[in-house]
1. Being under 18 Å from Gln3 (Cβ atoms) and surrounded by fewer than 22 Cβ atoms within 10 Å (Cβ to Cβ) is the filter; apply it to the stretch 66-79 and report the residue that is nearest to the chain's Cα centre (by Cα).
2. Is it fair to say Ser63 is of a type in the set (Gly, Ala, Ser), within 21 Å of Ser123 (Cβ to Cβ) and open to solvent by 30 Å² or more (accessible area, probe 1.4 Å)?
3. I'd like the full set of residues that are under 15 Å from the mean Cα position of the chain (by Cα), assigned to a loop (DSSP other than H, G, I, E, B) and hydroxyl-bearing (Ser, Thr, Tyr), limited to the stretch 81-101.
4. Just to verify a result, which residue in the stretch 102-117, among those that are at pLDDT 95 or above and within 12 Å of the chain's Cα centre (by Cα), is most open to solvent (accessible area, probe 1.4 Å)?
5. Which pairs do you get when a residue that is free of Cβ contacts under 8 Å to residues at least 60 places away in the same chain, found in the stretch 20-48, comes within reach of a residue that is loosely packed, with under 12 Cβ neighbours inside 10 Å, reach meaning Cβ atoms under 8 angstrom, with the pair 6+ apart or on two chains?
Amino acid sequence: QVQLVESGGGLVQAGGSLRLSCAASGLSLSDHGMAWFRQTPGKDREFVAAISWSGGSTDYTGSVKDRFKISRDNAKNTVDLQMNTLKPEDTAVYYCAAHPRYWPNTRTHYVYWGRGTQVTVSS
């Protein structure tokens with residue numbers, strides 16, 4: 001059974017940092033492109049960042065570029081999202097997702113999803 005489990009969410013003040021982690025079981029992440037998405041109530045799930053299976057290519061949505069960094073450790077079967085200089089508008093549930101080959105910036109075709117971790121940034 002494939003599982004992606006996110007952790008590291010919480011409450012932080014604006015300007016602070018959090019590091020999210022996504023751990024996989026039943027799946028070798030080294031074969032998969034990985035991404036982080038986020039969602040707030042009443043809105044579509046939006047792309048945040050993605051990383052290729054090797055870690056050599058990354059992609060970010062404009063609002064988090066230069067503040068967030070996605071990384072992966074294929075030996076540990078984990079993918080992390082380092083979030084710095086957090087803003088209240090970053091408040092959302094953050095989800096990790098796995099794609100069997102690529103690392104697109106759209107939610108379509110991502111096969112596996114975690115249940116999400118809540119990030120709340122207070123002003």
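The values are calculated or read from the model by the stated rules, or taken from the named source; none is laboratory data. Bear in mind that the values here come from a model prediction, so they are computed numbers and not experimental data. So basically every Cβ, Gly included, is an ideal-geometry build from the backbone, and we count neighbours across all protein chains shown. Just so you know, the surface numbers come from the protein's heavy atoms only, side chains and all, with ligands and any DNA or RNA stripped out. Shrake-Rupley method; radii C 1.70, N 1.55, O 1.52, S 1.80 Å.
1. Residue satisfying both the conditions and the ranking: Thr78.
2. Values: of a type in the set (Gly, Ala, Ser): yes; within 21 Å of Ser123 (Cβ to Cβ): yes; open to solvent by 30 Å² or more (accessible area, probe 1.4 Å): yes.
Yes; evaluated as a whole, the condition is true for this residue.
3. Kept after step one, since they are under 15 Å from the mean Cα position of the chain (by Cα), are these residues of the stretch 81-101: 81-84, 86, 90-99.
Then drop every residue that is not assigned to a loop (DSSP other than H, G, I, E, B), which leaves 84, 86, 91.
Matches in the stretch 81-101: Thr91 only.
4. Arg115
5. Final answer for the pair search is Ser25/Gln1; Ser25/Val2; Gly26/Gln1; Gly26/Val2.
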